[in-house]
Amino acid sequence: MAGNSEFQPAANQGLLAGFGNLFRAEMRSWWRTRTWWIQTLIWVAAVDGLLLTIISSGVEGGLQELAPLYGVFGGLFTAVAVIIIVQGAVVGEKIDGTAAWVLSKPVSRAAFLLAKWLGNAIGIAVTMVLAPGLLAFLVFTQYAGLTVRFIDFAAGMGTVLLFNLFWLSLTLMLGAFFSARGAVIGIPMALLLGQQFFAGAIMQLSERILEFLPYALIMPDTVVPGQSLASQAIMGTPLATGWPIIATIILIVALTWFGIRRFEQEEL
Amino acid sequence: MPPPEPVIQTRGLTKQYKEVTALADLDLTVHKNSIFGFLGPNGAGKTTTIKTLLGLIRPTAGSATVFGHDILKDSLQIRARVGYLPQDPRFYDYMTARETLDFTARFFFKGPETAIKDRVEETLALVGLESKADRPIKGFSGGERQRLGIGQAQVNYPDLLILDEPAASLDPLGRRDVLAVMERLRKYATVFYSTHILDDVQRVGDTIAILNNGRLVAQGAVETLLAGSGGTSYAVRIRGDVAGAKTRLDNQEWVLATQLENNRDDATLTVSVSDPEAAEAHLLRLLLADEELVVKDFRRRTYELEDIFMEIVEGGRHGGKQ
């Protein structure tokens, strides 16, 4: 480069070229804008507000009833938000031209997608899982007077986070595949909101298949009557099966890998 | 003297989209430290060429190198030495102009911090955005975004600056500034830019290529194209027996063609000649032989790039490469 001898050149070769800079930009989009506090406020109000309302009404009082509700509120509702927030991350940038601009710099396509994954994963983890989750722990222990070990509750939050990371990975992958927002938001939304229907259809084929899908992480009655894996973790009871966790991790890795492979072929 | 080293070289570069040929068999050579104007009407394949060179689009056939690196295998190495301004520059809305330049610079430099910050300040001043440096880009006008685009394209001291319509959406002052930046960079870098503003090419460009329907129809030094543009012609504004004057000129051996255009109270006669010396010696005399004829203006008509461009694009006599 001309006239830049005083600069230390960035390491811009290899699979992760440009990752650090892109990751910082993703973090900035979460933490240096209104996004973080708006999301925190929404999910604290939604998840903890609902739990408080239910506890106050006295309908559901025990941990056995409340723990599965945390899984549903903290996992299912936030997953809808994850899909909405992330749907534009790749396809939006493809449409408005910012992806082409960024990728005209020494940036690998894998770095572009992985920075989006990690930046959004941290944003989702803190604002949609950790903040409402910690407050839910206080609601359970201090307001409802239930005995819950923090480590168990943290494991339950981890399960909820894993569920959300699945939807993050799926939505990002679809963003790499499609050039219109409709498919990127429509497909995961249909899979998420139609899961009762899909779960029923799948159970017609084989009940064991459900063990390999993320639904079992937060939806009660999927693999354990009345409970989900998240609620089992919160209650400190041994998990009925570890397969939904393993399968979801494998699916997250696979979806991200497919997304990267597809994005490498994308013409911008 | 050995020919200057090529910075961009394409051989048979082709891009096909189903039934549409965006780029057909493009052979292009751009030499070091040149200001290379890439011309063509909308849809001619200019942006496709640029995006292919940057690895944003994959060619269907052919090959290309930038700094001797293959565009498919060594794209990261190429992009590490290039600055690029897209046709319609879009940046992250949540960043300010200063943050955008800092973000761009850090793809190329990891330090020192002070040098990066100084470079960002210098670039803000260069493109006239100091007063708007800390405003979110969301509120920027088209012209301001274009200025920022030019700034980010050269923040890394590129060896090759690729500008896709750099003067689009700029006012005359902005255009002048862009041309000044390009001229200043010529010492250090090669500038490859597409444009519709032919006047700008004629002012700063030294080499041009003209694309039409995905095909290269002319390439060469600006002076060469202007010189070989079809002979000399004269424009004469006359009043009186203009038809008689035209007939007299048509009978001269050295006159290739005449064209008469009627104005409100006079006419313009354009005379294309094969022998400029004969024309200069006799043309005016022949006209003034008719005492009733009034010659209001007489000048040698110089070919502008626009004439050549129109001729080529409209399928005139410049059918092949120069």
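Taking the Cα centre of the protein assembly as shown as the origin, how large is its charge dipole in debye, to the nearest 20, when only Lys and Arg (+1) and Asp and Glu (-1) carry charge on their Cβ atoms? Walk me through the intermediate numbers first.
Details: 53 positive and 59 negative charges, 257 e Å.
Computed charge dipole of the protein assembly as shown: roughly 1240 debye.
Suppose we look only past 35 Å in the calculated P(r) of chain B. What percent of the Cα-Cα pairs does that tail hold?
When all Cα pairs of chain B are counted, 36 percent exceed 35 Å.
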Shape of the protein assembly as shown from its Cα gyration tensor (a ≥ b ≥ c, root eigenvalues): rounded if a/c is under 1.5, otherwise prolate when a/b > b/c, or oblate?
-> prolate
So what's the net charge close to A:Gly20: Lys and Arg +1, Asp and Glu -1, counting the other residues with Cβ under 10 Å from its Cβ?
-> +3
Fewest-first ranking of A:Ile252, A:Ile83, using other Cβ atoms within 10 Å as the exposure measure | A:Ile252, A:Ile83
What is the distance in Å between the Cα centres of the range A:192-258 and the range B:2-31?
-> 53
Candidates B:Ile210, B:Ile238, B:Ile150: whichever shows maximal mean-square fluctuation once chain B is modelled as a Gaussian network with Cα springs under 10 Å = B:Ile238
Relative to the longest principal Cα axis of chain B, at what angle does helix B:113-126 sit, 0 to 90 degrees, rounded to 10?
-> 20
Which residue, A:Leu172, A:Leu134, A:Leu162, tops the fluctuation ranking in a GNM of chain A built on C-alpha contacts under 10 Å?
-> A:Leu134
Name the long-range amide H neighbours of B:Leu163: under 5 Å, sequence gap of 5 or more, or other chain; modelled H, no Pro or chain starts.
-> B:Leu85, B:Phe192, B:Tyr193, B:Ser194
The range B:136-191 to the range B:40-96: how many Å between their Cα centroids?
-> 16
At 27 Å minimum axial length over the Cα atoms and a Kyte-Doolittle cut of -1.0, report the qualifying DSSP H helices in chain A, or say none.
-> A:150-177, A:243-265
What average number of partner chain Cβ atoms lie no more than 10 Å from the Cβ of the residues making up A:90-102?
-> 4
Normalising by the residue count of chain B, find the relative contact order in percent from Cα pairs under 8 Å and 6+ residues apart.
-> 19
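Between rounded, prolate and oblate, where does the range B:49-205 land on the alpha carbon gyration tensor, with a ≥ b ≥ c its root eigenvalues, rounded for a/c under 1.5, else prolate if a/b exceeds b/c? Let's see the in-between values first.
Numbers: a/c = 1.63, a/b = 1.23, b/c = 1.33.
Because a/c hits 1.5 or more and a/b fails to exceed b/c, the range B:49-205 counts as oblate.
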Would you grab the residues whose amide H sits under 5 Å from the one on B:Val7? Only those 5+ places off in sequence or on another chain, please, with H modelled 1.01 Å from N.
-> B:Val30, B:His31, B:Lys32
How far is helix B:142-154 tilted off the main Cα axis of chain B, in degrees rounded to 10, range 0 to 90?
-> 70
In the neighbourhood of B:Tyr157 defined by beta carbon distances under 13 Å, the net charge of the other residues (Lys, Arg +1; Asp, Glu -1) is 0
Long-range amide H partners of B:Leu26, meaning residues 5 or more apart or on another chain whose placed amide H is closer than 5 Å, are B:Gly12, B:Leu13, B:Thr14
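Calculate the mean, over all residues of peptide B:115-126, of how many other protein chain Cβ atoms lie within 10 angstrom of the residue's Cβ.
Values: counts 4, 2, 0, 1, 3, 0, 0, 0, 0, 0, 0, 0.
Other-chain Cβ atoms within 10 Å of each residue's Cβ, averaged: 1.
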How well do other chains shield peptide A:24-36, expressed as the mean number of their Cβ atoms within 10 Å of each residue Cβ?
-> 2
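Kindly give the semi-axes, whole Å and largest first, of the ellipsoid equivalent to the range A:16-264, taking each as the square root of 5 times a Cα gyration tensor eigenvalue.
Numbers: eigenvalues 210, 89, 44 Å².
The answer is 32, 21, 15 Å, longest axis first.
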Measuring from label point to label point, each 7 Å out along Cα→Cβ, what is the A:Trp31 to B:Ser63 span in nm?
-> 4.7
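Quick one: B:Val273, B:Val222, fewest Cβ neighbours within 10 Å first, how do they rank?
Values: B:Val273 24, B:Val222 19.
Fewest-to-most ranking of B:Val273, B:Val222: B:Val222, B:Val273.
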Charge dipole of the range A:16-264 built from unit charges on the beta carbon (Lys, Arg +1; Asp, Glu -1), centred at mean Cα; most positive-end Cα among A:Phe153, A:Pro68, A:Leu251 is A:Leu251
Extending each Cα 7 Å along its Cβ direction at A:Ala11 and B:His196, get the distance between those two points in nm, one decimal.
-> 4.6
Among the listed pairs B:Lys73/B:Lys117; B:Lys32/B:Lys110; A:Lys94/B:Lys138, those beyond 25 Å (Cα-Cα) | B:Lys73/B:Lys117; B:Lys32/B:Lys110
If we count other beta carbons within 10 Å of each Cβ, what is the order of A:Ile246, B:Ile50, A:Ile202, fewest first?
-> A:Ile246, A:Ile202, B:Ile50
Which percent of Cα-Cα pairs in the range B:128-205 sits in each 5 Å bin, short to long?
-> 3, 15, 28, 25, 17, 9, 3, 0
Using only the Cα atoms of the range B:66-139, build the gyration tensor, take square roots of its eigenvalues as a ≥ b ≥ c, and label the shape rounded, prolate or oblate: rounded if a/c is under 1.5, else prolate if a/b is larger than b/c, else oblate.
-> prolate
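Could you tell me what a quarter of the Cα convex hull surface of the range A:47-100 works out to, in nm² with one decimal place? Write out the running numbers ahead of the final one.
Working: hull surface 17.7 nm².
Its average projected convex-hull area is 4.4 nm².
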Rounding to the nearest 20 debye, state how big the charge dipole of the range A:16-264 is about its Cα centre with +1 on each Lys and Arg Cβ and -1 on each Asp and Glu Cβ.
-> 980
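Kindly provide the helix-only [θ] at 222 nm of chain B, computed as the sum of -39,500 (n - 2.57) over DSSP H runs of four or more divided by all residues, to the nearest 500 deg cm²/dmol? Numbers along the way, then the final one.
Details: 11 runs with 107 residues, N = 322.
Rounded to the nearest 500, it is -9500 deg cm²/dmol.
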Once normalised by the length of chain A, the mean sequence separation of its alpha carbon contacts under 8 Å that are 6 or more apart gives a contact order in percent of 27
Calculated SAXS-style log₁₀ I(q)/I(0) at q = 0.15, 0.18, 0.29 Å⁻¹ - the range B:56-109, Debye, Cα scatterers | -0.59, -0.77, -1.19
Pop out the ³J(HN,Hα) list for the range B:254-271 in order, Karplus 6.51 cos²θ - 1.76 cosθ + 1.60 with θ = phi - 60°, rounded to Hz; leave Gly and Pro as x.
-> 7, 8, 7, 7, 10, 9, 10, 10, 7, 9, 5, 10, 7, 9, 10, 10, 9, 10
A student asked for the Cα radius of gyration and Dmax of the range A:202-268 in angstrom ought to give 15.4, 50
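Read the figures in this text as sums done on the coordinates, not as results from a lab. Computed from a prediction, not measured in an experiment: that's the story for all the values here. Ideal geometry is used to build each Cβ from the backbone, glycine not excepted, and the neighbour counts take in all protein chains shown.
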